[in-house]
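Worksheet: one structure, shown below.
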Amino acid sequence: SQKNDENGNCSGEGIEFPTTNLYELESRVLTDHWSIPYKREESLGKCLIASTYLARLGLSDSDENCKRFMDRCMPEAFKKLLTSSAVHKWGTEIHEGIYNMLMLLVDLVAERVKQDPIPVGLLGVLTMAFNPDNEYHFKNRMKVCQRNWAEVFGEGNMHAVSPISTFQKEPHGWLVDLVNRFAELGGFSAIQSKLNSEDIELGAISALVQPFGVCAEYLNSSVVQPMLDPVIHKMIKYVQNVEEKDLKDKRLVSIPELLSGIKLLCMRFQPDLVTAVDDLRLDILLRMLKSPHFSAKMNSLKEV
């Protein structure tokens, strides 16, 4: 129930997306000499908070400025904050600020993924945020968790945990925080129900699986494995049954990406299936290469 006053501003339940902040953010992000604000009260924080609020109301996709922020400016901002080599020169305050921005990103994706259509682009940004190998997480790999997640989920029921042995892996506590925050907000449950829906497309399944694939070694198998095992088996079976006539379908370009995400999950949860998934990936690529359809050939070459 939105009422607009004569200036077009929303009142009551509504919220107006902070357009001025969006323009300022675009001028700072979409340039060679970029500088990205990292405080809650600055442009990126304000746009993330407003997007989350609109997503909660089911309005984030219909608001033109919010959509523009989520589709273009926000992915680029996080790409620069997480993967730039400049990460290693920044001080503690900046790193803690980026941690707060990542938490706001997790809030947004957890809200938006509960609705349709599946936000493939946003899930791509979440995958970047959950990737332990990016520059930001590598730089902060020795950090421990900021919250006691056992108090939230109960002992042993956390969705993500730091590896037990320090010889094996660094704690990656900040990454563990992000994944558990996503679970706390119902993100895991939302993804599980989406994966179980009947008419879901391959590209959407791939987008839903990728964030968990990249951080699989930090997931708590006793909690997450029962949720992902059915998807792993279902997708392997699906790809095994793809017929020649299906190869010309444009939607099948997602298969290689989907299988690489499934492989990462298998390495963590189903090690005995890893070889089978690898064979399946090569098999489907070979079939795409032999296909008379040009797009299938080109996609296969790109994957190889």
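Numbers at a glance
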quantity: Count - residues of the stretch 255-280 that are farther than 11 Å from Ala216 by Cβ, in contact with a Gly (Cβ under 8 Å, 6 or more places away or on another chain) and open to solvent by less than 20 Å² (accessible area, probe 1.4 Å); calculated: 0
quantity: Residue that is farthest from the chain's Cα centre (by Cα), among those in the stretch 248-285 that are farther than 24 Å from Phe212 by Cβ and touching a residue at least 12 places away in the same chain (Cβ under 8 Å); calculated: Lys248
quantity: One residue from Asn241, Asn196 being open to solvent by 20 Å² or more (accessible area, probe 1.4 Å), in the same structural domain as Met298 (by the TED database), of a type in the set (S, T, N, Q) and modelled with pLDDT under 95; calculated: Asn241
quantity: Considering residues of the stretch 125-179 that are among the acidic types (Asp, Glu) and open to solvent by 70 Å² or more (accessible area, probe 1.4 Å) only, the residue modelled with the lowest pLDDT; calculated: Glu155
quantity: Residue selected from the stretch 208-238 under the condition open to solvent by 70 Å² or more (accessible area, probe 1.4 Å) and in contact (Cβ under 8 Å) with a residue 40 or more places away in the chain, by the criterion nearest to Phe294 (Cα to Cα); calculated: Glu217
quantity: Leading residue by the ranking (farthest from Leu185 (Cα to Cα)) among those in the stretch 81-116 that are open to solvent by 30 Å² or more (accessible area, probe 1.4 Å) and free of Cβ contacts under 8 Å to residues at least 24 places away in the same chain; calculated: Lys89
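The values are calculated or read from the model by the stated rules, or taken from the named source; none is laboratory data. This one's a predicted model, so the numbers in the text were calculated from it and none came from an experiment. Methodologically, a virtual Cβ is constructed for each residue, glycine included, from the backbone with ideal geometry; neighbour enumeration extends over all protein chains shown. Only protein heavy atoms, including side chains, enter the accessible area calculation; ligands, DNA and RNA are left aside. Shrake-Rupley method; radii C 1.70, N 1.55, O 1.52, S 1.80 Å.
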